[in-house]
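Student: Got a structure for you, questions after.
The values are calculated or read from the model by the stated rules, or taken from the named source; none is laboratory data. This one's a predicted model, so the numbers in the text were calculated from it and none came from an experiment. Reconstructed Cβ throughout: ideal geometry from the backbone, glycine too, with neighbour counts over all protein chains shown.
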Amino acid sequence: MEDSSALLDLRRMHEADRRSGELGISLAELMENAGRRVAREIEARWSPRPLLILCGPGNNGGDGFVVARHLAAAGWPVRVALACERETLRGAARDNADRWHGPIETLDPEQLGTAELIVDALFGAGLSRALSGDAQATLQAATARRIPIVAVDVPSGLLGDTGASLGAVPAALTVTFLRKKPGHVLLPGRDLCGEIVVADIGTPAGIVASLAPDTFENQPGLWLAALPRPQRADNKYTRGHALLFGGYPITGASRLAARAAARAGSGLTTIAVPQIALPIYAAALTSIMVRAFATDEEFLELLEDRRLTAQLIGPGAGSTPATRHRALAMLAKGRPTLIDADAISAFAADPGELARAILGPCVLTPHEGEFKRLFDVEGDKLARARAAAVQSGTVVVLKGRDTVIAAADGRAIINSNAPPSLATAGSGDVLGGIILGLLSQGMDAFLAAAAGVWLHGAAATAFGPGLLAEDLPDQLPAVLREISALDRA
């Protein structure tokens, strides 16, 4: 998968530094480059002003001393406060402290003085305990005074692997190195980082790929090559035939999903509905085919159509035994199947039944509540989604502003383009429909899920304020045109 979107956990970041050393790039050189890049990003955004740099006891603090030296040389009024005794500094951090010829103050919230900008170089992404004492008090005091904070690597107190906060305060800018970490993309980490800049600090080319990253930030480069494109010889069936189960009396959810599947490129989209609901669906849909069934046997007959290429059940279906049986019937065909909403909850009494029934590609799209009904796993969002994917043998799309898409082989993609406007009724149904449309055209389930989530966010952003779920499908053509332009570039 695309190297530029790789997210490196702490273990891989440490390994990158070790391998850089083996190739002749020392930690001292990496630290010098890191501090210089932080200084450059500060100069690009702020004019010289009273600056207080907070340095911690490790390499993060060493970066801070480099920042201090470069900005002081550029004429900035710089003060440095240290969170430990100078004698306890080691290695490259100690060397850079010795190269700083200005005074070093003791870290104290009362020492903010006239500072108009703060550099947080206290603790990096590997902090394993809650921020406390003068470090926490100083950062909180700066926040209370609305002094902008520039974080080196991550805001102190933010866990790099999970995005969890152990007392971190919001930064205006975070400068990290080589690649983002999962904590830069997962919430609340993403919100605490402010603007994020990934700086090149001279790590040798090829090292990221050699680390075999398995976690990525969602972007078109990950799946663009696999995105279905209509061919001249296509007809509506070769472009895919998507089937949805249409609920009753709740009919809007599956209609939203069907329109999204069609807009995502499915050549033919059909909703199978109970006979009683036929007038509602038929009156509301035009290009979407509606097939009515009166009995379970008739529903099973619909599934026998060999031209069907992907299926979806859940939106508006009801969390009932009937929904569970219909989902099992769909899964028994071995076609790519998306299980969403009520169809997820329908398996709450026996989650293992769902896993045992999966014969082909399957995508689950739960929100947190639905997820907990199926999976008894703990940990951060990324770890839970991964565990659920392995447990169920499916692609799990754990929804939210930081949606995680996890495959059973351990790969995971974290989405970051979802605007707040997506928090509206029916938007999840549209997401399911987009993924269904891609699945119906033969796209790999993991990549289809990732592409669907990204397109969903891009469509919402394109529409802007006042979004309703029914606005999303009609935004897809413009988004897909932009994606096509990227592909040609």
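Student: Report every pair of residues separated by at least 6 positions or lying on different chains whose Cβ atoms are under 8 Å apart, first residue within the range 62-81 and in contact (Cβ under 8 Å) with a residue 40 or more places away in the chain, second β-branched (V, I, T) and part of a helix (DSSP H, G or I).
Tutor: Sorted first by the residue in the range 62-81, then by its partner, the pairs are D63/V38; V67/V38; V67/I42; A81/T138.
Student: Please specify each residue of the range 376-395 satisfying the condition of being in contact with a Lys or Arg (Cβ under 8 Å, 6 or more places away or on another chain) and in contact (Cβ under 8 Å) with a residue 12 or more places away in the chain.
Tutor: V377
Student: Let me ask you something else. Quick one: is R386 out of contact with any Phe, Trp or Tyr (no Cβ under 7 Å at 6 or more places or on another chain), charged (D, E, K, R) and surrounded by fewer than 23 Cβ atoms within 10 Å (Cβ to Cβ)?
Tutor: When the stated conditions are applied, R386 does not pass them.
Student: Among the residues that make up the range 435-442, is at least one of them polar (S, T, N, Q) and within 22 Å of T251 (Cβ to Cβ)?
Tutor: Yes, there is a match, as at least one residue in the range 435-442 is polar (S, T, N, Q) and within 22 Å of T251 (Cβ to Cβ).
Student: Looking only at residues in the range 430-489 that are charged (D, E, K, R) and closer than 28 Å to P361 by Cα, which one is nearest to the chain's Cα centre (by Cα)?
Tutor: D444
Student: Next question, about the same structure. Cβ contacts < 9 Å: first residue free of Cβ contacts under 8 Å to residues at least 12 places away in the same chain, restricted to the range 397-420; second residue surrounded by 23 or more Cβ atoms within 10 Å (Cβ to Cβ), any location; separation 6+ or different chain. Result?
Tutor: D409/A389; D409/F446
Student: Here's another thing I want to ask about it. Could you name every one of the helices (runs of 4 or more DSSP H) located completely within the range 1-107 that has at least 3 residues being over 35 Å from the mean Cα position of the chain (by Cα)?
Tutor: Hits in the range 1-107: 59-73, 91-99.
Student: Moving on to the next point. Condition check: over 12 Å from the mean Cα position of the chain (by Cα), outside the structural domain of D120 (by TED's automatic domain parsing) and not acidic (D, E). Does P228 satisfy that?
Tutor: yes
Student: Exactly one of (1) among the polar types (S, T, N, Q); (2) out of contact with any Asp or Glu (no Cβ under 8 Å at 6 or more places or on another chain); (3) not in a loop (DSSP other than H, G, I, E, B) is unmet by T323. Its number?
Tutor: Every condition holds for T323 apart from (2).
Student: For residues that are charged (D, E, K, R) and more than 25 Å from L27 (Cα to Cα), scanning just the range 190-213, find the one that is farthest from the chain's Cα centre (by Cα).
Tutor: E195
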